[in-house]
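The block underneath contains the structure these notes are about, expressed in structure tokens.
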Amino acid sequence: HNMSNVVLSTKNDQKNLLKSATGQCSSFGNPLALNNEDSINKPNCIDPEGCLFCDKYRIHVDETDIRKLISCRYCIEKTAHIIGSLEEQRATLRPILSRIDLILDKLKEYNEQLVTKILLEVEEGELDDYWARKLEMFMELEWIT
């Protein structure tokens with residue numbers, strides 16, 4: 001799948017995009033897989049991670065969207081143990097994390113400094129609001145410490 005459709009410079013027209021927890025959506029409610037492979041990661045409009053495997057997914061090379069994506073990855077890593085065995089974690093999470101890393105690599109081509117800065121900030125706890133609340137919820141449930 002062509003990454004140039006996914007990563008948008010901030011100059012691109014944004015009026016038809018809907019904000020999502022991992023970036024933007026060009027057509028909410030019409031999830032379509034990136035490829036025809038039958039994968040466990042089906043695009044959907046319910047799970048934030050479902051966006052990553054959809055051909056409607058877009059992300060801007062800006063602080064807001066990059067922080068959303070990196071915060072998502074951070075939360076996945078922090079909550080991985082909830083899923084079950086290491087095998088289950090790998091099967092479920094590896095494709096998601098690989099997809100995020102692929103998108104981050106493309107974002108770095110546009111603005112490596114910004115991506116690196118946000119990676120460090122998220123590691124220090126400066127998450128996007130949505131993901132910060134999600135992490136807080138897991139902590140309150142004592143699923144993570």
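FYI, it's all coordinate maths here, none of it is from the lab. Not measured: the values here are computed from a predicted model. Cβ coordinates were reconstructed from backbone atoms using ideal geometry, including for glycine residues, and neighbour counts include every protein chain displayed.
What the table below lists for this structure:
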{"quantity": "Candidate aspartates and glutamates for bridging to Lys42, where Cα separation is under 19 Å - those fewer than 8 sequence places away on the same chain excluded", "calculated": "Asp55, Glu88, Asp101"}
{"quantity": "Whole-number percent relative contact order across the stretch 65-138, with pairs defined as alpha carbons under 8 Å at least 6 apart", "calculated": "55"}
{"quantity": "Estimated translational D of the stretch 41-97 in µm²/s (Stokes, Kirkwood radius over Cα pairs; 4 °C; 1.567 mPa s)", "calculated": "105"}
{"quantity": "Cβ crowding within 10 Å averaged over residues, with 44-57, 106-119, 78-91 ranked highest first", "calculated": "44-57, 106-119, 78-91"}
{"quantity": "Globularity ratio of the stretch 73-145, using Cα Rg and 2.2 N^0.38 Å", "calculated": "1.22"}
{"quantity": "Phe28 long-range amide H proximity, modeled H, under 5 Å", "calculated": "none"}
{"quantity": "Relative contact order of the chain, pairs being alpha-carbon contacts under 8 Å that are 6 or more residues apart, as %", "calculated": "25"}
